[in-house]
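Trainee: This structure is in structure tokens; I'll ask about it shortly.
The values are calculated or read from the model by the stated rules, or taken from the named source; none is laboratory data. From a predicted model like this one, the values you see are computed outputs, not experimental measurements. As a convention, Cβ positions derive from the backbone with ideal geometry for all residues, glycine included, and neighbour counts pool all protein chains shown.
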Amino acid sequence: MEKIPVEKNKEYIVEIIDNGFEGEGIAKIDNFTIFINGAIKGEKVKILIVKVLSSHAFGKIVEILEKSDVRQEVDCTTYKRCGGCNMRHIKYEDTLKMKQNAVQSLVNKTLKNKIQVKPTLGMENPLHYRNKAQYPIGINKNGEPVIGVFANRTHEVIPMEKCLIQNPISEEIAKTVLEFIKKNKISVYNEKTVKGLFRHIVIKVGIKTNEVMCILVINGSKIPKEDELVKILTQKYPNIKTIVKNINKKNTNVILGKENVNIYGNGYIEDKLGEFTFKISPLSFYQVNPVQAERLYNIGVEAAKITKNDTVFDLYCGIGTISLFMAKHAKKVYGVEIVEQAIKDAKENAKINNVDNAEFIAGDTEIVLDDLINNKNIIPDVVMVDPPRKGLDNKSIDNILKIKPDRFVYISCNPATLVRDLAKFEEVYEVKEIQPVDMFPFTGHVECCSVLYLKDSIQ
């Protein structure tokens, strides 16, 4: 075994030869890879090695000796500790290029068809774009309750006065709840002891409707002076349409429990994407950046070239957002989603928007897809998928390859699993394009829409 050329707690001077998919800088010493957060391709930096593994190491910047032209001053006070906007030190237009290049690199390594990845579609204003905020509640060194964000790779709560990607109303509501907790000396959840009441404050905002949902996540069933808290919040913030008490008594990192109790309003808010109105409940998935989500969905629908004669499968459909976008063009849309509450919302969303050619089915995608195809003999002309980060399961891939829809649109939040899955379709389908969309500005994440056409059907 070759000797590792770096040692922990020692300093080295390196040149950054590339940036990884999460925006981290990549350097090499004697062909040994080192990852450095906050470093940019083309820079020369002095680093301290903080962790050494057999195949690679991690370093942190001690001093920037030669600075990249794309580096900018960071406008966030908690940037280094938070880890949320890990590309905030890079000019926005250059983060878009980096994301395009990262996806292109995956294509070049994995796909036989070395298609040119399109330029990443960014935002005109990449600030305060999130419609959902999740604030953990912790205790500071003085024993006082605080809200903020988790420190990078830890569960230490960093107090935060202002976040540049959250909706300002979310912060104000969370601060008001915190003041109430302090004033009434209400306990805060401790992960180690599994005791204490308040765990998280979750805020959802309808960007176009301005409707607000406040979710109070507690390790119990009752909040002291609950009626008083409701009165304070609703009087101070008239846009609050519902307040939900979410019961989470489990010793888990999962933020929301399964039980919701409405303590004000009807338990949901509404928002609009394009011409459609969507009902959003506490547990249902809704894209956190609806401006970019609308662009992404329109790209997918347009690429699918759906006609009034087409049957469409929308797998991992959530609350039916893209299903409804497609339904107005299609003969019939079948939406499939494992989260039952999301399917209930999808059915309600179809009613709200007077869409009668969309059917929503709750269940495991693999099982439902198999049932639709093999038992009910429903063969789609178009398949749209938007799976979780792990990508498509093998059974779903096999079924799609079995029925061979003319058009196949793959929307993905993880380019690595996207490209991995696309490689499995290359013998049967031609990958026409991959369009990255910047759903999460200044982070290492990017959504992609990939369009595949059955080779036999290509004119």
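Trainee: What's the number of the condition Thr242 fails, among (1) surrounded by 20 or more Cβ atoms within 10 Å (Cβ to Cβ); (2) not assigned by TED's automatic domain parsing to the domain that holds Ile186?
Mentor: Failing condition for Thr242: (2).
Trainee: Test Lys3 against the stated conditions and say whether it is exposed (fewer than 15 other Cβ atoms within 10 Å of the Cβ) and in a loop (DSSP other than H, G, I, E, B).
Mentor: Judged against the criteria, Lys3 is a match.
Trainee: Give the residues of region 390-432 that are buried (at least 21 other Cβ atoms within 10 Å of the Cβ) and among the aliphatic types (A, V, I, L, M), sorted by residue number.
Mentor: Listed by number, the residues that qualify are Leu392, Ile400, Val409, Ile411, Leu418, Val419, Leu422, Val431.
Trainee: Restricting attention to region 367-389, which residues are in contact with a helix residue (DSSP H, G or I) (Cβ under 7 Å, 6 or more places away or on another chain) and exposed (fewer than 13 other Cβ atoms within 10 Å of the Cβ)?
Mentor: Within region 367-389, Arg389 is the sole residue that qualifies.
Trainee: Among what's in region 317-339 and is more than 27 Å from the chain's Cα centre (by Cα) and not charged (D, E, K, R), pick the residue that is surrounded by the fewest Cβ atoms within 10 Å (Cβ to Cβ).
Mentor: So, considering only residues that are more than 27 Å from the chain's Cα centre (by Cα) and not charged (D, E, K, R), the one surrounded by the fewest Cβ atoms within 10 Å (Cβ to Cβ) is His329.
Trainee: Listed residues Ala358, Ala362, Ala342; which is surrounded by fewer than 21 Cβ atoms within 10 Å (Cβ to Cβ) and of a type in the set (A, V, I, L, M)?
Mentor: One residue alone meets the criteria, Ala362.
Trainee: On to the next question. Would you confirm, using the coordinates I've provided, whether Val212 is among the β-branched types (Val, Ile, Thr), at positive phi and in contact (Cβ under 8 Å) with a residue 24 or more places away in the chain?
Mentor: no
Rundown of residues vs (1) outside the structural domain of Val451 (by TED's automatic domain parsing); (2) touching a Lys or Arg at 6+ places or on another chain (Cβ under 9 Å); (3) β-branched (Val, Ile, Thr), yes/no style:
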| site | (1), (2), (3) |
| --- | --- |
| Val6 | yes, no, yes |
| Asn31 | yes, no, no |
| Ile34 | yes, yes, yes |
| His56 | yes, no, no |
| Ile64 | yes, yes, yes |
| Cys82 | yes, no, no |
| Ser105 | no, no, no |
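Trainee: Taking Asn152 as the residue in question, decide whether it is in contact with a Gly (Cβ under 8 Å, 6 or more places away or on another chain), in a loop (DSSP other than H, G, I, E, B) and not assigned by TED's automatic domain parsing to the domain that holds Pro436.
Mentor: yes
Trainee: Looking only at residues that are surrounded by 15 or more Cβ atoms within 10 Å (Cβ to Cβ) and more than 28 Å from Lys250 (Cβ to Cβ) in region 214-236, which one is nearest to the chain's Cα centre (by Cα)?
Mentor: Among residues in region 214-236 that are surrounded by 15 or more Cβ atoms within 10 Å (Cβ to Cβ) and more than 28 Å from Lys250 (Cβ to Cβ), the one nearest to the chain's Cα centre (by Cα) is Thr234.
Trainee: Residues to consider are Lys222, Lys175, Lys185; find the one that is charged (D, E, K, R), in a loop (DSSP other than H, G, I, E, B) and farther than 14 Å from Lys245 by Cα. I'd like the intermediate steps shown before the answer.
Mentor: Numbers: Lys222 fails: farther than 14 Å from Lys245 by Cα; Lys175 fails: in a loop (DSSP other than H, G, I, E, B).
The match here is Lys185.
Okay, residues lined up against (1) of a type outside the set (Ser, Thr, Tyr); (2) in contact with a Leu (Cβ under 8 Å, 6 or more places away or on another chain):
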site	(1), (2)
Asp271	yes, no
Pro290	yes, yes
Lys308	yes, no
Ser323	no, no
His329	yes, no
Lys332	yes, no
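Trainee: Given the options Leu233, Leu296, name the one that is of a type outside the set (Gly, Ala, Ser), closer than 30 Å to Ser187 by Cβ and in a helix (DSSP H, G or I).
Mentor: The match here is Leu233.
Trainee: Let me confirm something: among Gln116, Gln134, which residue is touching a helix residue (DSSP H, G or I) at 6+ places or on another chain (Cβ under 8 Å), of a type in the set (S, T, N, Q) and outside any helix (DSSP H, G or I)?
Mentor: Just a single option satisfies the conditions, and that option is Gln116.
Trainee: Separate question: For Asn86, only one of the following conditions fails: (1) of a type outside the set (Lys, Arg); (2) touching a residue at least 60 places away in the same chain (Cβ under 8 Å); (3) crowded, with 19+ Cβ neighbours inside 10 Å; (4) touching a Leu at 6+ places or on another chain (Cβ under 9 Å). What is its number?
Mentor: (4)
Trainee: On to the next question. Identify, by number, the condition in (1) surrounded by 17 or more Cβ atoms within 10 Å (Cβ to Cβ); (2) assigned to a loop (DSSP other than H, G, I, E, B) that Asp314 doesn't meet.
Mentor: Status for Asp314: all satisfied but (2).
Trainee: Still on this structure, I have one more. Taking helices (runs of 4 or more DSSP H) that fall entirely within region 353-459, which contain at least 3 residues that are within 22 Å of Lys305 (Cβ to Cβ)?
Mentor: Because the criterion is at least 3 residues that are within 22 Å of Lys305 (Cβ to Cβ), the helices (runs of 4 or more DSSP H) in region 353-459 that meet it are 394-403, 415-425.
Conditions (1) touching a residue at least 60 places away in the same chain (Cβ under 8 Å); (2) exposed (fewer than 14 other Cβ atoms within 10 Å of the Cβ); (3) touching a Leu at 6+ places or on another chain (Cβ under 7 Å); (4) assigned by TED's automatic domain parsing to the domain that holds Lys46, marked per residue:
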| residue | (1), (2), (3), (4) |
| --- | --- |
| Thr77 | yes, yes, no, no |
| Ile90 | yes, no, no, no |
| Gln100 | yes, no, no, no |
| Thr110 | yes, no, no, no |
| Lys114 | no, yes, no, no |
